[in-house]
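Readers should treat all values here as calculations from the given coordinates under stated rules, not as data from a laboratory. Predicted model, so just to flag it, every value in this text is computed and none were measured. So basically every Cβ, Gly included, is an ideal-geometry build from the backbone, and we count neighbours across all protein chains shown.
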Amino acid sequence: MTSTTEYKTKGQIIIDNDYQVCSNCIYDETIPAIKFDEQGKCNYCEMIDELKESYNTGTPEGERRFFEIIDKIKTAGKRKKYDVIVGLSGGTDSCYLVAKAIEWGLRPLAVHYDNTWNTAIATENIRKVTSKLNVDLYTHVVDNKESDDIFRSFFEANVPEIDGPTDIALAETLYRAASKYGVKYLFEGHSFMAEGVSPLSSAYVDGKYIKSVHKKFGELKMKTFPNMNFVSFMKWTVFKRIRKIRPLWYIPYNKKGAREYLEKNFDWQYYGGHHLENRMTAFNHSVYFPQKFNIDQRNNSLSAEVRAKLKTKEEALAEYASQPKLEDGLVDYFKKRLGYNDAQYEAIMKGERKTYKDYPTYKRRFERLRPLFFILAKASLVPMSFYIKYTSKSEI
Ligand SMILES: [Zn+2]
């Protein structure tokens, strides 16, 4: 095996070369809460193997189980205008899912949460896919000043989850659309096979966290931002029983193939990397995470590609060692839009690093309710990855 020594200097906190890399992926000792077994395989690979086994991912049995779910969705959708809500960002996974939903004989409603930082490519992709497939689109647009006030709050709170509010707002928007049209199923485009599972310490988010950070650092009132507090979370899951299905956890999925399919059929355009269809997400992944927190989340998808044998470990490490893709002018756009001069921006970028633990969140409550969330996860009412990460006392 090639030594990884030559790849280690990309701003990583490890300086000497005496550190361990997983024998199966490219996660190394710098990943929070990583552990290695006797064979040198990491606990994240282990978690993915377990998920793969329990969902029969990518196997005929996985597909069979998924088509059973499709039948249930069709039955539940009888006499309704739509059978299923599909979150649509304009990215590969979500566009692919909308197209597949039609192929599977479903009547989807595409739902988009617009945080007002979309790239033009994403907006165009959404239009191309929905118009060609004749799929209705439900969009929630947040007030851009309010949205920016929330982003600013997370930036000034010195926590990694600057884009976390978008995730919560999207989840809440999906539920609201489902409730409005009496739909009982949501599709999410997540694929643990293609993206891996990111460690919690850089990806924690809940409605209370957003509220407390915004209360402390924000200036405007939260009016149009669709936050999800604990009561609404319970309403959607326990009382309305709206199920979240992740089709890519069951069926065979190949991102490259999905992209080619979209390009061919919809004149869809690729935006250059996972999550880069939105400018805030792009700033987060290409600038904020790597420069302030020494987190380079490309290792999630690169590790996934190594696990799936789409890339060798050496190829993945070489790519990981290269600079993240950066749209020209993105940092200036961020500063200008959020109203920071160079000195203010630099001060925060070089400032202290905090985590969700420094602010009030629902995390302890989720831990106390772990048995309830196990039942909800088994019934697909919350994602299994929510149960694994959010209700566990450990840092995974
Ligand atoms: Zn691993």
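Pairs to check: Lys350/Lys389; Lys221/Lys255; Lys100/Lys311. Give those whose C-alpha atoms are more than 31 Å from each other in this structure.
Check vs 31 Å cut-off fails for Lys221/Lys255.
Taking R0 as 30 Å, what FRET efficiency do you get between Ala308 and Lys235 from their Cβ-Cβ distance, rounded to the nearest 0.05?
On the way: r = 38 Å, r/R0 = 1.25.
Here the calculated transfer efficiency is 0.20.
Relative contact order (percent) for region 163-308, with alpha-carbon contacts under 8 angstrom and 6 or more residues of separation?
It comes to 36 percent, rounded to a whole number.
Non-local amide H neighbours of Tyr138 (under 5 Å, H modeled in plane, Pro and chain starts lacking H): which ones?
It is Ala110, Val111, His112, by chain and number.
Determine ³J(HN,Hα), in whole Hz, for all residues of region 372-382 in sequence, where each value follows from phi through the Karplus function 6.51 cos²θ - 1.76 cosθ + 1.60 and θ = phi - 60°; x replaces Gly and Pro.
Running phi through 6.51 cos²θ - 1.76 cosθ + 1.60 with θ = phi - 60° gives 5, 5, 5, 5, 5, 5, 4, 8, 6, 7, 10 Hz.
Report the Cα centroid-to-centroid distance between region 199-221 and region 281-336 in angstrom, as an integer.
With region 199-221 and region 281-336 each reduced to a Cα centre, they are spaced 24 Å.
Taking region 167-217, how much of its Cα-Cα pair set, in percent, is spaced more than 16 angstrom apart?
Of all Cα-Cα pairs in region 167-217, 60 percent lie more than 16 Å apart.
Please list 3J(HN,Hα) in residue order for region 257-274, calculated via the Karplus relation 6.51 cos²θ - 1.76 cosθ + 1.60 where θ = phi - 60°; whole Hz, with x for glycine and proline.
x, 5, 4, 4, 4, 5, 4, 5, 8, 10, 6, 6, 10, 7, 10, x, x, 4
Pairs Lys72/Lys180; Lys78/Lys235; Lys215/Lys240: which exceed 26 Å Cα-Cα?
Lys215/Lys240
Obtain the nm distance between the two label points defined at Tyr270 and Lys256 by a simple spin-label model: each point lies 7 Å from its Cα along the Cα-to-C-beta direction.
0.9 nm
Stokes-Einstein at 4 °C, 1.567 mPa s, Kirkwood radius from Cα pairs: D for the chain in µm² s⁻¹? Please report the intermediate quantities before stating the final value.
Details: Rh = 21.8 Å.
The diffusion coefficient I find is 59 µm²/s.
Share of antiparallel DSSP beta bridges in region 58-390, in percent to the nearest 5?
Working: 1 of 15 bridges.
That works out to approximately 5 percent antiparallel.
Express in whole angstrom the spacing between the alpha-carbon centres of region 243-273 and region 136-164.
After rounding, the separation between the Cα centres reads 26 Å.
Please list the non-local residues whose amide H lies under 5 Å from the amide H of Val84, H modeled 1.01 Å from N, same-chain partners needing a gap of 5 or more.
Arg107, Leu109
Length gain on complete extension for the stretch Lys354 to Asp136, per 0.36 nm per residue less the alpha carbon to alpha carbon distance?
74.4 nm
Can you list the residues, at least 5 places off or on another chain, whose amide H is less than 5 Å from the amide H of Asn24, using H built in the peptide plane?
Answer set, sorted by chain and number: Cys42.
Pulled fully out, how much extra length does the chain show between Lys215 and Phe374, if you take 0.36 nm times their separation in residues and subtract their Cα-Cα distance?
Between Lys215 and Phe374, full extension yields an extra 54.1 nm.
Got the relative contact order for the chain handy, in percent, Cα pairs under 8 Å and 6 or more residues apart?
22 percent
P(r) for region 166-319, please, calculated from all Cα pair distances in 10 Å bins and given in %.
9, 28, 36, 21, 5
Taking R0 as 30 Å, what's the FRET efficiency between Glu46 and Glu315 from their Cβ-Cβ distance, rounded to 0.05?
That gives a FRET efficiency of 0.80.
Work out the FRET efficiency for Gln323 and Lys78 from their Cβ-Cβ distance, taking R0 = 41 Å, and round it to the nearest 0.05.
Approximately 0.20, to the nearest 0.05.
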